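Structure record follows, encoded as structure tokens.
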Amino acid sequence: MEDHIRFDSSRHVLDLLDQRLLPAREKRFLCSTTADVITAIKTMVVRGAPAIGVSAAFGCALAVREAAAENRQDWQAGLDRKLGQLAASRPTAVNLAWAVDRQRSVWESAQDADPERLYNLFVSKALEMQAEDIASCKAIGKASLELVHQGDCILTHCNAGALATAGYGTALAVVRAAWEAGLRISVIADETRPLLQGARLTCWELHKEGIPVTLACDNSCACLMSKGKVQLVVVGADRIAANGDTANKIGTMGVALLARHFSIPFYVAAPVSTIDPALKNGAGIPIEQRSASEVTSVLDRQIAPRGVPAYNFAFDVTPAEYITAIITDQGLLRPPFDRAIARLDFNR
Ligand code: MRU
């Protein structure tokens, strides 16, 4: 599935599959302004670290046209402000700021470009990032093949699938590559409260492709592991620090601790663009806190007495010591991760 993020450059519209409505409805959300793209990212019409990066890259193209329409004389100041707003629309996934920074580099190397030319350059770069992301996901799948065996059951948390990337997925690249290689594997998808990305999105993607998937509530992980139902865990990542500490969907750290207890390998699958070499360790990763209403209600139905507060940290940080390996588009990284990460090529 590679068409959930489309850009129509003649109509100047970013056309997104609205992930909030899945699996019940497949409806598109059209963005014709920078503000629409920011809303789509904040409200999670589009979500998942690489997917929001690619969407923001297209958002930069919309921002140029808008800035020029608002003030033809001083469009650069308007553009600079809009790019800043896009980059700040969600804080944890580093891919978002990384994608906007790549567009800023395009701008820097074309300083004399008028808005029309810069628009075309931004669209081309965003299309390039989209294609690169799919290629990275496939490379992750390939690098993971030696880790998966016939009959294995893979537990995953949240959705790090095609929907969370430009296509093919990261954690689900591991699943897809094994399946395409003929291994009869299966998946346990944690439901992933509060927004149910596992139940709604991971199950939707895998079920559509005929890959066996069983849904489990988040709190059944220890029980399933104790019964021998899980051979390996694979999750995605929103930001990986230079020492391997990994931010991913809330609940991931608990799964990692349980995997260690039951001696089950715990893998993180992510492109190198998700690694933030500027951060020494996970303590510096900004963790998004979302509205309490996402926790006090389920699918718009209130489940807690009104007035009760709720924690809603959207991500947690799994310490590197609990990670068996990080599967990247540049191959498998094994501990010590600081050394393995230092050897990566961040300028590819
Ligand atoms: O809040 P979300 O749904 O954007 O969180 C997504 C995740 O935590 C994913 O696991 C992560 O972005 C990796 S996606 C390839």
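The values are calculated or read from the model by the stated rules, or taken from the named source; none is laboratory data. As the structure is a prediction and not an experimental result, all values here were calculated from the model. Positions of Cβ are backbone-derived with ideal geometry, glycine not excepted, and every protein chain shown enters the neighbour counts.
Could you tell me whether any residue of region 261-268 is more than 10 Å from the ligand (Cβ to nearest atom), in a loop (DSSP other than H, G, I, E, B) and on the phi > 0 side of the Ramachandran plot?
yes
Return yes when Ile287 is among the hydrophobic types (A, V, I, L, M, F, W, C), touching a residue at least 24 places away in the same chain (Cβ under 8 Å) and either touching a Gly at 6+ places or on another chain (Cβ under 9 Å) or outside any loop (DSSP other than H, G, I, E, B) (or both) and no when it is not. Before you say what the answer is, go through the steps one by one.
Details: among the hydrophobic types (A, V, I, L, M, F, W, C): yes; touching a residue at least 24 places away in the same chain (Cβ under 8 Å): yes; either touching a Gly at 6+ places or on another chain (Cβ under 9 Å) or outside any loop (DSSP other than H, G, I, E, B) (or both): no.
No.
Would you pick out the residues in region 189-217 that are buried (at least 17 other Cβ atoms within 10 Å of the Cβ) and among the charged types (D, E, K, R)?
Asp190, Glu191, Arg193, Arg200, Glu205 - these are the residues of region 189-217 that are buried (at least 17 other Cβ atoms within 10 Å of the Cβ) and among the charged types (D, E, K, R).
Give me a count of the residues in region 28-60 that are within 16 Å of the ligand (Cβ to nearest atom) and farther than 17 Å from Leu79 by Cα.
The qualifying residues number 17.
Which numbered condition trips up Arg72, out of (1) touching a Pro at 6+ places or on another chain (Cβ under 9 Å); (2) within 16 Å of the ligand (Cβ to nearest atom); (3) of a type in the set (Lys, Arg)?
(2)
Which condition breaks for Phe346 when tested against (1) modelled with pLDDT under 95; (2) in a helix (DSSP H, G or I)?
(2)
Can you pull out every residue in region 293-321 that is within 16 Å of the ligand (Cβ to nearest atom) and either in a loop (DSSP other than H, G, I, E, B) or within 30 Å of Pro336 (Cα to Cα) (or both)?
Scanning region 293-321 gives Leu299, Tyr311, Asn312, Phe313, Ala314, Phe315, Asp316, Val317, Thr318.
Just checking, does region 155-176 include any residue being modelled with pLDDT of 95 or more, away from the ligand (no atom under 16 Å from the Cβ) and not in a loop (DSSP other than H, G, I, E, B)?
The answer is no, given that none of the residues of region 155-176 is modelled with pLDDT of 95 or more, away from the ligand (no atom under 16 Å from the Cβ) and not in a loop (DSSP other than H, G, I, E, B).
Looking only at region 105-117, decide whether some residue is in contact (Cβ under 8 Å) with a residue 40 or more places away in the chain and crowded, with 22+ Cβ neighbours inside 10 Å.
Within region 105-117, none of the residues are in contact (Cβ under 8 Å) with a residue 40 or more places away in the chain and crowded, with 22+ Cβ neighbours inside 10 Å.
Please go through region 7-35 and pick out each residue that is charged (D, E, K, R), under 20 Å from Asn120 (Cα atoms) and surrounded by 15 or more Cβ atoms within 10 Å (Cβ to Cβ).
Asp15
Do we have Ser186 as hydroxyl-bearing (Ser, Thr, Tyr) and surrounded by fewer than 17 Cβ atoms within 10 Å (Cβ to Cβ) here?
no
Before we move on, is Asp276 within 30 Å of Asp152 (Cα to Cα) and surrounded by 14 or more Cβ atoms within 10 Å (Cβ to Cβ)?
No: the conditions fail for Asp276.
So which residues in region 32-74 are charged (D, E, K, R) and part of a loop (DSSP other than H, G, I, E, B)?
Arg47, Arg72, Asp74
State the number of residues belonging to region 269-281 that are more than 17 Å from Ala97 (Cβ to Cβ) and either within 12 Å of the ligand (Cβ to nearest atom) or of a type in the set (Gly, Ala, Ser) (or both). Explain how you work it out, then say what you get.
Our first condition is that a residue be more than 17 Å from Ala97 (Cβ to Cβ); within region 269-281, this holds for 269, 280-281.
Restricting the remaining residues to those that are either within 12 Å of the ligand (Cβ to nearest atom) or of a type in the set (Gly, Ala, Ser) (or both) gives 269.
Summing the residues that are more than 17 Å from Ala97 (Cβ to Cβ) and either within 12 Å of the ligand (Cβ to nearest atom) or of a type in the set (Gly, Ala, Ser) (or both) in region 269-281 gives 1.
For region 210-247, which positions are part of a loop (DSSP other than H, G, I, E, B), among the polar types (S, T, N, Q) and either closer than 11 Å to Cys153 by Cα or within 16 Å of the ligand (Cβ to nearest atom) (or both)?
Selection gives Gln231 alone.
With respect to Ala77, determine if the residue is assigned to a helix (DSSP H, G or I) and surrounded by 14 or more Cβ atoms within 10 Å (Cβ to Cβ). Lay out the reasoning, then the answer.
On the way: assigned to a helix (DSSP H, G or I): yes; surrounded by 14 or more Cβ atoms within 10 Å (Cβ to Cβ): no.
It is false that Ala77 is assigned to a helix (DSSP H, G or I) and surrounded by 14 or more Cβ atoms within 10 Å (Cβ to Cβ).
Tell me which residues, restricted to region 183-204, are within 14 Å of the ligand (Cβ to nearest atom) and closer than 21 Å to Gln231 by Cα.
Ala189, Asp190, Glu191, Thr192, Gly198, Ala199, Thr202, listed by residue number.
Could you say whether any residue in region 142-149 is touching a helix residue (DSSP H, G or I) at 6+ places or on another chain (Cβ under 6 Å), among the hydroxyl-bearing types (Ser, Thr, Tyr), under 30 Å from Leu279 (Cβ atoms) and assigned to a helix (DSSP H, G or I)?
Yes, that holds for at least one residue.
Confirm whether Ala88 is surrounded by fewer than 23 Cβ atoms within 10 Å (Cβ to Cβ), more than 20 Å from Leu17 (Cβ to Cβ), within 16 Å of the ligand (Cβ to nearest atom) and not charged (D, E, K, R).
So Ala88 passes the test.
For region 84-100, does any single residue satisfy the condition of being touching a Pro at 6+ places or on another chain (Cβ under 8 Å), assigned to a loop (DSSP other than H, G, I, E, B), closer than 21 Å to Val54 by Cβ and polar (S, T, N, Q)?
Yes, some residue in region 84-100 is touching a Pro at 6+ places or on another chain (Cβ under 8 Å), assigned to a loop (DSSP other than H, G, I, E, B), closer than 21 Å to Val54 by Cβ and polar (S, T, N, Q).
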